[in-house]
Amino acid sequence: MSGVRPGEILVATGMTHPERGTVSSPAAPLLAAALGRGEPDPGRRRVRLHPVNGTAADSGGGGAVLVMASYLDLNGRAVGLGAAAHAGDRAAVEVCAELVAQWAGLLRSRRLLVADADPDCAGARAGIEATLRAVREAPDAPVHVYGRPVASVSRLARLTAAGVAITDDLDAVPDGGVVVFPPHGVPLPVRAEAAARGLGLVDTTCPLAALTHRDVAAYVHRGDTVVLITGARDTVAERVSVSQAPEFVLTMRSAAQAAGLQWSGADPDRLSLVVQTGISVEDAAVMIGTLRERFPRVRGQHYDALCYAATDRADAVRMVAGTSDLTLVLGAADDPDADHMEAEASAGGRTVRRLAAAGDVAAAWLTGVNAIGVVPTRSAPEELMTQVLDALAGLGPLSVVTRQVRTGPRPGYGGPALTAPALPDGTVIDA
Ligand code: SF4
């Protein structure tokens, strides 16, 4: 057996078996990370991930001991777990035995339910593509996005790699440069200033967001005060909506707020409601109902104007979590989007774990678990999903399925036709 020295433990990324031949070990990163956390405690030994060029027959016979377990997958390929230590380091050999026994006890077939809920809505995805297209079409002009797009780290990294800068200050955009309005739009004064400076403008404002902005302006124009039904937290998208007519827009964040609403100066007979995009339609519907009870003459947006992106995503996550023994939320510990998805997944007391790396999966999480839900969030790099699925595939045959929720219009009955907007190409003006 190759290369294991006293004072170290090799976690095998592959092995050979006297009868089964080559044994792959996709779960090796899980075992190595577990040792790194002290599960079981490797002592002061170095832990290395490495192929082990030996067979079980070698174990104990030479300079090293390999402890392994393997099974044949549905295609007859050998998959397994293994760890090796120097034969003279008996304590390390015992750690290897304990490690492999612990994880081998988890080998079984499982279902993996992946929430097919892209963290980035259709509008966000289209905005990123339009921005990249603007870079290609104006290769000599510096391209800035005004305001951080609400998008996943992987898509934002594509912007950075293309040389796109993100700014909250138009002064940062040099004359002759291109400024991109992100999918949630920009406040009216920013739009006006960019035009006045003669900057190249690429407007990737999502059609649904633009519709909301237009509705706010139109309702104020007809003499109404607008009640903007929105989420619990102030967001940049909300600020853009309010900027259409700041003096005539009141924000409503909860049904309870409507019940006790006292808006000085607002005529209760001249109220219009507008729903902020990006919030749950179900939450909005409750607030609309309360608002109507309190102000029977309130008017405004039709339900067809609502964006279902956030609702569909949350429903998909709840559905996956609801039929899983354990749900893994992929994302950073400090990511508000992952916080939100974790809250959705854990509704009803479901077991949910957050992980930023595949190796975060602990053996104790998987005991008795037959169905695992997996939920991507904006802070999870694209490759993390693959790494998690690959690692779990090393713990027994997996059935990997996806679940999606998609709200759309019923043909012939109207409906939210703009659920998944196709953006205009991103018009470059005077670039
Ligand atoms: S309106 Fe809906 S689809 Fe458009 S950017 Fe906002 S959340 Fe995404």
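Which members of the range 166-184 meet the condition of being under 27 Å from Pro381 (Cβ atoms) and in contact with a Leu (Cβ under 9 Å, 6 or more places away or on another chain)?
Of everything in the range 166-184, those that are under 27 Å from Pro381 (Cβ atoms) and in contact with a Leu (Cβ under 9 Å, 6 or more places away or on another chain) turn out to be Ile166, Val180, Phe181, Pro183.
With respect to Thr386, is the statement that it is of a type in the set (Ser, Thr, Tyr) and surrounded by fewer than 16 Cβ atoms within 10 Å (Cβ to Cβ) true? Before the answer, list the steps.
On the way: of a type in the set (Ser, Thr, Tyr): yes; surrounded by fewer than 16 Cβ atoms within 10 Å (Cβ to Cβ): yes.
Yes: the conditions hold for Thr386.
Exactly one condition in (1) away from the ligand (no atom under 15 Å from the Cβ); (2) touching a strand residue (DSSP E or B) at 6+ places or on another chain (Cβ under 9 Å) is not met by Pro189; state its number.
Exception for Pro189: condition (2).
Answer with yes or no whether Asp269 is assigned to a loop (DSSP other than H, G, I, E, B) and either within 16 Å of the ligand (Cβ to nearest atom) or farther than 17 Å from Leu211 by Cα (or both).
Working: assigned to a loop (DSSP other than H, G, I, E, B): yes; either within 16 Å of the ligand (Cβ to nearest atom) or farther than 17 Å from Leu211 by Cα (or both): yes.
Yes; evaluated as a whole, the condition is true for this residue.
For Gln276, state whether it is within 15 Å of the ligand (Cβ to nearest atom) and crowded, with 23+ Cβ neighbours inside 10 Å. Give the steps one after another, and end with the answer.
Numbers: within 15 Å of the ligand (Cβ to nearest atom): yes; crowded, with 23+ Cβ neighbours inside 10 Å: yes.
Yes, satisfied.
Report, by residue number, each residue of the range 279-316 that is within 16 Å of the ligand (Cβ to nearest atom) and modelled with pLDDT under 90.
His302, Tyr303, Asp304, Ala305
May I ask you to verify whether Glu247 is within 16 Å of the ligand (Cβ to nearest atom) and either free of Cβ contacts under 8 Å to residues at least 40 places away in the same chain or in contact with a Ser or Thr (Cβ under 6 Å, 6 or more places away or on another chain) (or both)? Working first, answer last.
Numbers: within 16 Å of the ligand (Cβ to nearest atom): no; either free of Cβ contacts under 8 Å to residues at least 40 places away in the same chain or in contact with a Ser or Thr (Cβ under 6 Å, 6 or more places away or on another chain) (or both): yes.
Taking the combined requirement at face value, the residue does not satisfy it.
Can you confirm whether Ala345 is within 16 Å of the ligand (Cβ to nearest atom) and of a type in the set (Gly, Ala, Ser)? Steps first, please.
Details: within 16 Å of the ligand (Cβ to nearest atom): no; of a type in the set (Gly, Ala, Ser): yes.
Criteria not met by Ala345.
Can we say Ala417 is assigned to a loop (DSSP other than H, G, I, E, B) and at pLDDT below 95? Break it down stepwise before answering.
Values: assigned to a loop (DSSP other than H, G, I, E, B): yes; at pLDDT below 95: yes.
Judged against the criteria, Ala417 is a match.
Filter the range 175-186 for residues that are within 16 Å of the ligand (Cβ to nearest atom) and out of contact with any Phe, Trp or Tyr (no Cβ under 8 Å at 6 or more places or on another chain); which is nearest to Gly163 (Cα to Cα)?
Start the filter on the range 175-186 by keeping residues that are within 16 Å of the ligand (Cβ to nearest atom), which leaves 180-186.
Restricting the remaining residues to those that are out of contact with any Phe, Trp or Tyr (no Cβ under 8 Å at 6 or more places or on another chain) gives 183-185.
Working: Pro183: 19, His184: 21, Gly185: 21 Å.
Result: Pro183.
Among Gly348, Gly426, Gly412, which is the only one that is modelled with pLDDT under 95, part of a loop (DSSP other than H, G, I, E, B) and within 30 Å of Arg197 (Cα to Cα)? So that I can check it myself, show each step before the final result.
Working: Gly348 fails: within 30 Å of Arg197 (Cα to Cα); Gly412 fails: within 30 Å of Arg197 (Cα to Cα).
Just a single option satisfies the conditions, and that option is Gly426.
With touching a strand residue (DSSP E or B) at 6+ places or on another chain (Cβ under 8 Å), at pLDDT 95 or above and under 16 Å from Ala310 (Cβ atoms) as the only criterion, which of Thr230, Thr204 stands out?
On the way: Thr204 fails: under 16 Å from Ala310 (Cβ atoms).
One residue alone meets the criteria, Thr230.
Pick out, from the range 153-262, the helices (runs of 4 or more DSSP H) lying fully within it that include 2 or more residues that are surrounded by fewer than 19 Cβ atoms within 10 Å (Cβ to Cβ) and either of a type in the set (Asp, Glu) or within 24 Å of the chain's Cα centre (by Cα) (or both).
On the way: elements: 153-161, 188-196, 207-221, 236-242, 255-259.
Hits in the range 153-262: 153-161, 236-242.
The values are calculated or read from the model by the stated rules, or taken from the named source; none is laboratory data. Worth saying up front: this structure is predicted, and the values here are computed from it rather than measured. Quick reminder, even Gly has a Cβ in these numbers, built from the backbone with ideal geometry, and neighbours come from all protein chains shown.
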